[in-house]
Amino acid sequence: MKKNVRELALEGLLQVEKSGAYSNLLLNSLIEKNKMEGKDTGLLTEIVYGTIQRREALDFYLQPFLKKKPEQWVKILLRLSLYQMLFLDRVPPHAVIHEAVEIAKKRGHQGIASLVNGVLRSVQRQGVPSLETISNPAERLAVETSHPKWLVQEWIEEYGIDAARKMCEVNMLPPVPTARVNVSKTTVEGALVRLKEEGVEARRGELAEDAILIEKGNVAHTRAFQDGFLSIQDESSMLVARALGPEQGDDVLDSCAAPGGKTTHIAERLHGTGRVLSLDLHPHKVKLIRQQADRLGLANVDTKAMDARKVGEAFRPESFDKILVDAPCSGFGVIRRKPDIKLGKQPEDSERLSHIQLAILHEVAPLLKRGGRLVYSTCTIEKTENENVMQQFLQSHPEFEWDISMKERLPKALEPYTHDGQVQILPHYFATDGFYIACLRRKV
């Protein structure tokens, strides 16, 4: 029997909670497997993302109405139902409650159905408790925006309460889809014309010079995308290739490259010259990079499955003109696009990751030619993984120095945030991903 949207949402949210499945991959799989389309796809996406995004707030609102801890699936059913009642105007509360009770009967028994009915009707009658009852400002912000309390506390200490609030709030907004124009094939204007012909409404990006913002339509379903005129990428991520500044004929190493967005951007900016060697630990991810390069018509990309911490065994010293280390990180800069990043992270994760990040930097450093440029980037806003990693690296590698010329290669809008050869983009600055980029030069 075919499952309806809310049953599938429950199924998906259970998988996210139980096995840590990525919500974006899981949604694609559910949509494909159940042959969903149109409004159903939109509603499923909204319920799953919205429930994850507001999980802590929903639990806070439900707490007074629960006498004892329900089973996990029942708690998730109550969450997704309350999310619809509070945040989706187009679904009447009585319809949400009826649907939830039917799912409870089908999946459990009459007792569970009565519990679900009772809790949701009580919420409808009495309303939810006020967040003002939480006296601690960090805890209130954490619950209100459903971020881990320790993380909010950390952001307040590092950036101040105002910045922490702005970051948490922007993470609750739907992300604006962006795409990068393949400058080796067309111009931004040319891409916009092509997309308009295919019914996609888009405009020029606000930060990166080769970016476009999608206002209506799905770029990935267009002929322009299939023919390699565009790639899906966030604007802040597009700044990495500009910071690296590849020049014609360069030999470039992208040491942690999957799924290939930055590799292909560097290759595009080489205009058919030079070479980008793109590495990733996992063969199936290397295959994704290869597919991207082929779709974009980039013959100057080579790929190899390899642990970046072992590159010294495979390549001679001073083999590359430029090196990119887009390091594995906690990903706290992309919560807006991937709300499940908030779930299950621990304070010690950043410390653990910083050791991996440093190990990669130590290993690739000898492979850079004298006078060459090394860019280190992450999609996080944790100083442990960003500024601190750079400080430790420079202390043990006196042959490197800050490349202050990076500022000249980046948009003018970033000037206030660029210091030495590094820039930390917080999510609320430009409504992009939070991103850190540092640029070093190997002394001659």
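Structure summary
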read-out	value
Derived scalar couplings ³J(HN,Hα) [segment 308-314; Karplus, 6.51 cos²θ - 1.76 cosθ + 1.60; whole Hz; x for Gly, Pro]	4, 7, 10, 5, x, 7, 9
Extension gain from Lys345 to His109, taking 0.36 nm per residue of separation minus the Cα-Cα distance	81.5 nm
Whole-angstrom gap from segment 224-294 to segment 315-393, using each part's C-alpha centre	17
Nearest-0.05 FRET efficiency for His282 and Gln72, computed from C-beta distance (R0 25 Å)	0.25
Using θ = phi - 60° and Karplus 6.51 cos²θ - 1.76 cosθ + 1.60, couplings along segment 337-350 (whole Hz; Gly, Pro as x)	8, 10, x, 5, 4, 5, 7, x, 7, 10, x, 6, 4, 5
Inter-probe distance in nm under a simple model that places probes 7 Å from Cα toward Cβ, at Glu197 and Ala299	2.5
For the chain, calculated [θ]222 nm from helices alone, where every DSSP H run of n ≥ 4 adds -39500 (n - 2.57)	-14000 deg cm²/dmol
The chain: most fluctuating residue of Leu66, Leu281, Leu230 per GNM, C-alpha cutoff 10 Å	Leu66
Cut-off 18 Å (backbone N to label point 7 Å along Cα→Cβ of Glu209), residues of segment 373-409	405-409
Largest to smallest principal axis extent of the C-alpha atoms in segment 1-105, angstrom	39, 31, 25
Sites Lys39 and Asp251 - FRET efficiency at Förster radius 41 Å, r taken between beta-carbons, to 0.05	0.25
Among Leu14, Gln110, Asn182 the positive-end extreme of the charge dipole of the chain (Cβ point charges)	Gln110
Point-to-point label distance, Glu32-Ala413, nm (Cα→Cβ direction, 7 Å offset)	3.4
Normalised per residue, the volume of the convex hull around the Cα set of segment 287-340 (Å³)	149
Charge dipole of segment 145-202 about the Cα centre (unit charges at C-beta), most positive-ward option of Pro148, Leu173, Leu192	Leu192
Rounded Å value of the spacing that divides the Cα centres of segment 1-53 and segment 55-120	17
Tail weight of P(r) past 29 Å, computed on alpha-carbon pairs of the chain, percent	52
Whole-percent carbon and sulfur share, accessible surface of segment 358-444, 1.4 Å	49
Projected label distance in nm at His94 and Arg223, using a 7 Å step from Cα toward the beta-carbon	5.0
Expected-Rg normalisation [2.2 N^0.38 Å, Cα atoms] applied to segment 240-319	1.01
Eligible lysines near Lys407 by straight Cα distance, threshold 28 Å, same-chain separation 8 or greater	Lys166, Lys185, Lys262, Lys322, Lys369, Lys383, Lys443
Partner lysines for Lys3 [C-alpha distance under 22 Å; skip if fewer than 8 residues away on the same chain]	Lys18, Lys33, Lys35, Lys39, Lys75, Lys105, Lys106
GNM flexibility winner over the chain from Ile31, Ile214, Ile47 (Cα, springs under 10 Å)	Ile31
Ranked by how many other beta carbons lie within 10 Å on average, peptides 241-251, 130-140 from highest	241-251, 130-140
Per residue accessible area in Å² of the chain, where ligands, DNA and RNA are left out and the probe is 1.4 Å	45
Cα-based helix-to-principal-axis angle, 387-396 vs the chain, degrees rounded to 10	30
Unit charges at the beta carbon, dipole of the chain: most positive-side option, Ile47, Gly331, Trp73	Trp73
On Cα atoms only, tilt of 235-244 relative to the major axis of the chain in degrees	20
Gain in span if fully extended, His355 to Val444, counting 0.36 nm per residue against the direct Cα distance	29.3 nm
Cα centre as origin, Lys/Arg/Asp/Glu Cβ charges: segment 354-402 dipole, Debye	220
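The values are calculated or read from the model by the stated rules, or taken from the named source; none is laboratory data. All values derive from a computational prediction rather than experimental measurement. Using ideal geometry, Cβ is built from the backbone for each residue, glycine included, and neighbour counts are taken over all protein chains shown. SASA here: full protein model, heavy atoms, side chains in, ligands and nucleic acids out. Shrake-Rupley method; radii C 1.70, N 1.55, O 1.52, S 1.80 Å.
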